Each structure stands twice: as structure tokens, then as C-alpha cells.
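Each remark here refers to the structure printed beneath this line.
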Amino acid sequence: MNIDNNRDGVCMNNKIIELENVKKIYKVDNNDFIALNINNISFEKGKFYAIIGHSGSGKSTLLQIIGLIKDKTNGTYKLFGKNVDEMNNNEKANIRNKNIGFMFQDFYLDEDIKAIENVMLPYYISQKKDYKEKQKSIYQMFNEFNITGKELNYPKCLSTGEKARVSLMRALINNPDIILADEPTGNLDKDNEKMIFEKLKKYASEGKCVIVVSHSSEVSEYADVIIRIEKGIITYE
Amino acid sequence: MNNNVLKYILNKIKNRNNITFIIINTILITIVFVCLIIVRFTLDYNSALSKNLLGRTLVVYTDNLDLLRSNEHVIFAGVDKYRFSYGFNFNNNYISLMPLTDNNYINIVDGHGLINPGDVVCPKRLYPYEYPLDESNFKEFVNTKDWLNKSISNGTYTFNIVGTYNNILMDEANICYISISDFDKLDITSYNNNSMIIIDNHKNINSVKSFLTSNNIGYTEEFNAGDEYLYLVTIPPFIISIIVIIILAISFNFSKKSINNNNKTIGILRAYGESNNNITKYYICYHSLLLLISIIISLIISIIIYELVKPYLYEFYYYNLFIRIPILGIIIFTLLYILYISLITKHFINK
């Protein structure tokens, strides 16, 4: 599958993320530093995208702009067909909670709360009332991820692989349409890396849009689309 | 605000860094509270000085009462016997009677003032013993509201208790007041043939002294307890100001550091869809709770210090002692401090 910077090469019906002439510029010592400079790119539901590139190439910046964590400097970003510039902060926050699931580099689990509470956090933010019932279904999730019995452990008592799984569960708790993973397997051994990619692939096949930033060469075995970024500019592979 | 997320944030208070903050803040706030108690005490003390009759009375060596009354600050001039009290025992209580030479001197709390012959007004909290007041008996005050409309008698004359006056700030413990004409009936002989004057305000004593000197009238000051304790007026507010500045600086740095340390948590909350406004509110609650814990502990410690130190402060008062906890000052300080912390938190979160 090719991604052409000048042409939309994918089926428009499934497009949920569309970026057009998007730039991210930082001021560094009174000079402009262009972290990202994209012509056109779009992402569809049901696909696994891998974004690869050297450190500082703009991969994480792209992910953060897609995830509405950072604002772009220029350009148009449409999410589910709506221009994000027309959204206020509360709408963006709502979308981040309900439609986007993040998996961070180093997992970013809260050491002060148990694994199950880490997973529940996005659900608490959603302010749904049935969180007690939801907690019961999470035990099932721990089972599916093969970490039964670790629900009440604190992160310091989890292995790296277990932390990765908890982090992924947290990203999935609100059943988002989009999963954004920033180096989700950076600290993992081959087996755990494989498990994470397989899970992400599975969710992509179930209709989610999965976008993964990774240095790992293994990701290419799972990705439907590989996007390369160098110095903020997208090429393709 | 989301209760579950708020609980999650507040759960972080058990963090060791927060314990250190609570301890440091408790020490500093305790010092502020103790200083506020001392400032309140000095204000009360100065108020007592300016009101206290004894502190405004001079014995003068002349019988020219008209000359004495010609001074604008002299509100009473008479024979020296009016300086002395007439004491007697009644029902195991020691009652001390004095003539009311300054009608503006007392504030009636219950009942009414001196209207009819035989009326007497007593202190709201009466110390029913002869002085001196000391730490062994300072608790034995009587609420004289219970004595209203009752009579006391020295065996010869009977007086009716018609009112109580507020003696909290007056350094008066056991003086009941009757009219000058009633006092004249009592068998009081002054020890000498001197005169006495009462000055309208403690601040005007020096002016009256100058007047007496310029008229070649000798005088004796009955009671002067002000100047050597002047440091009480100036030092505590100065210390408080410095302490408050230090507290504000520490709190500023702590809040900034706390927000930085919580960057990860704030980032997670933002990423998973919590709004900036809610995050700000959570952390305002978080810091306010830390602060409240410090303030409550400080208050308990301050009250303990207050109870331990109170008996040693009797020397500052001649007859009486009412040290008050400055509740309003403490409340104002607490509210302002919480507001300050909230503003800092909001600033750093938005930044």
C-alpha cells in the first residue's frame, strides 16, 4: 500500500483522519524550527499504520497532533470529517477520552495506584456511572492479556511486559476508534513485542485505526501501511 | 469535576514529598499563629492600659480642684480617697467597691448602669478574691449575670446588683462600681489629704503631667506598666511579616515543584481526555488539602503552646488576664493562604 504525498490513495469512506498541509513550527532562539511539514495524508479505520524514522524526525509530533495533544501551527486537520480548528478545548478533550486511546513510550503508568486502577483511569474521566460493572469486565480483559492475578499489583511489582499490557488495556478501555502508540515496544523483549503487535493488529482488523510509532523492524511485519518521516517530511515505503 | 478522578489525585497526598511539605508548612504556620496570639495580646494589653482607671490616675499635691479641672484632659478631680476600694466579704466572696468616677469607663453588658442610690454593677467575670491574681486561682471566676437583681451587703449598707460590665479588656477583675454619693457613705478615710485626678486617656498622661509641672503641682503616678513592654507591640508584627514572606516563598516554590513533579500525571489526564479546567480544580483541591492539614495541626500546636505559656504572662497584667485566641485573624490568614496557593496552582497548570 502506497502513501502519496500528493494524492489520496485510499478509500475515502473509511478515512477518519485527514491532514492537509500541516506544519508544526517551534521558536528556538528567535528562529523557526519546522518539526513537521506534511502535504497530505489520511488514515483509515481497520488499518495498522507504522510510522518510522530517526529520532527527532517528527514522528511523535505527528502522533501528538493526530491525538489532539498538540496543536498544529498551520494546515487543516479533519477528524471524523470535522475540522479540529472548529472544536473547542472541551470537545477535543471529549474526543481524546472517547475516540482515541494512547499508549505511551515507557507506558506512563501511575506508580501510586494499582494496575486495575491505571486501566480504569480513562473510564473514570468519561464520567460514566457504571464503573463498578466495568471493573468486573476488566478482570476478563486481564485474562485475555494473560496477566490474571496482577490486577491489584502496583506497577513496580509488574514486569516490563506486564506494564506494556496494562498500558495497552488502558488505551482500549473506552473502546476508542483510534489507537495511537508511541514506541510501545521500546523496552520489550521479542516475545512481548510480538504479543503487543499481534494485539494491535487484531484491533486494527476489528475496525480500529491503529497508528504506531516504532523503531522496531518487526513492526513492518504487522503494518498495513508504513510511513517514513525524515526531518518532518513524510516519504513512503 | 469527577469524583473518581479527584479521589485518584488526592490519594497522592501520601507521597513522601508531601509529608515533608506538611511538616515544614506546619512549623511555619504555627509560628504565624503564635505571633498572631501575641499580637492580639498586645492589642488587648494596650487597650487595657488606655482604659484602665489606675493607669489614668495621678495623685496630686494640691487641693485646688478647680485648677485641676481646668485641664481639658482631666475628667475627674477629687479627694484622694476615691482611689481606694472598699472591700468586704459577702457569702464567701470578696467584693471590692469603688466609685464610678468616669461614666464612660464601663460598658454595660447585662442589666443597666447606675441609676438609683444603692445600685452596683459588677464585672461580667468577677474574680471573687482579694488580689493578687495568680496561676493557682485564675480559673475561679464567677459569671455575675447569675447575680443580677440580687443584693450584697457589708452589714451596714445593702447594694443591689443591677448590671454587669464587660471587663475583658479592662484589666479589672474584682471591682464593682457604685455611685460617688454611695461611696461617700462608706467609712473610707484617705490615708492623706492629697487629691487625685483621672485623665481621659492613657496617651494624654504626659500632657497632663506637663500641665501639673508648669503649675508647680507635684504628683505621683499610681501605676505605669507600659513602656518596658513596648517591644511586644513592635516585634511580633515584624516577625510575622518576615515569616509570612518566607511561607509565601516556600509555598510558591513547592507548588511549582509539585506541578513539575506531577507533569506525568497531568499529561496522562490530558491525554485521556480530562479538561484543563478540571485538572486545575483537582490540583487546587490537592494543594488546599495539604495546606489545610498543615493549618489544623498548626492550630492544635498553637493552642497547646497558648495553654502552656498563659500562666507566665500574668506579670504583664496587674489584676486580670484574658488572653484571647485571634480566631478572626487565623481565619483570614487561612483563607488568604488557600487563595494564594490556588492562584499559583492555576498559573502553573495553565503554563
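Here are some notes:
- Overall shape of the stretch B:54-227 was characterised from the C-alpha gyration tensor. The equivalent ellipsoid obtained from it has semi-axes of 29, 18, 15 Å, in decreasing order.
- Taking amide hydrogens as placed 1.01 Å from N in the peptide plane, the amide H of residue B:165 sits under 5 Å from those of B:109, B:122, B:124, each at least 5 positions away in sequence or on another chain.
- Mean projected area in nm² (Cα convex hull; one quarter of hull surface) for chain A: 13.4 nm²
- The stretch A:6-116: Cα Rg divided by the 2.2 N^0.38 Å rule of thumb: 1.18
- Alpha-carbon gyration tensor eigenvalues x 5, square-rooted, for the stretch B:1-96, Å: 61, 20, 13
- Note on the stretch B:54-227: lysine pairs with Cα distance below 20 Å, sequence gap of 8 or more or different chains, count 4.
- Within-12-Å neighbourhood charge of residue A:125 [Cβ basis; K, R +1; D, E -1]: +4
- Rounded to the nearest 0.05, the FRET efficiency derived from the C-beta distance between residue A:154 and residue A:106 at R0 = 22 Å is 0.85.
- What separates the Cα centres of the stretch A:19-65 and the stretch B:235-295 is a distance of 35 Å.
- Averaged over A:119-127, number of beta-carbon atoms from partner chains that fall within 10 Å: 6
- Estimated purely from DSSP H runs of n ≥ 4, each contributing -39500 (n - 2.57), the mean residue ellipticity at 222 nm for chain A is -9500 deg cm²/dmol once divided by its residues.
- Kirkwood estimate for the stretch A:82-223, i.e. one over the average of 1/r between Cα atoms, Å: 15.6 Å
- Ranked from largest to smallest solvent-accessible area, with a 1.4 Å probe on the protein heavy atoms, A:54, B:73 come out as A:54, B:73.
- The coefficient of translational diffusion for the protein assembly as shown, derived via Stokes-Einstein from the alpha carbon Kirkwood radius under 10 °C and 1.306 mPa s, stands at 51 µm²/s.
- Candidate aspartates and glutamates for bridging to residue A:15, where Cα separation is under 17 Å - those fewer than 8 sequence places away on the same chain excluded: A:4, A:44, A:177, A:206, A:224
- Each Lys or Arg adds one and each Asp or Glu takes one away; over the other residues whose Cβ falls under 11 Å from the Cβ of residue B:162, this sums to -1.
- Nearest-ten-degree value, helix A:131-144 long axis tilted from longest Cα axis of chain A: 90 degrees
- Spin-label model distance (nm) - residue B:94 vs residue B:260, 7 Å beyond Cα toward Cβ: 6.5 nm
- In this rough spin-label picture, where each label sits 7 Å from Cα along the Cβ direction, the residue A:135-residue B:160 distance is 7.3 nm.
- Between the amide H of residue B:76 and those of B:198, distances stay under 5 Å, these residues lying 5 or more places away or on another chain, with hydrogens modeled in the peptide plane.
- Of all beta bridges that DSSP places with both ends in the protein assembly as shown, some 65 percent have antiparallel geometry.
The values are calculated or read from the model by the stated rules, or taken from the named source; none is laboratory data. Note that the structure is a prediction, hence the values are computed from the model and not measured. Every residue, glycine among them, receives a Cβ derived from its backbone with ideal geometry; neighbour counts consider all protein chains shown. When the accessible area is computed, the model is the full protein with side chains, heavy atoms only, and any ligands, DNA or RNA have been set aside. Shrake-Rupley method; radii C 1.70, N 1.55, O 1.52, S 1.80 Å.
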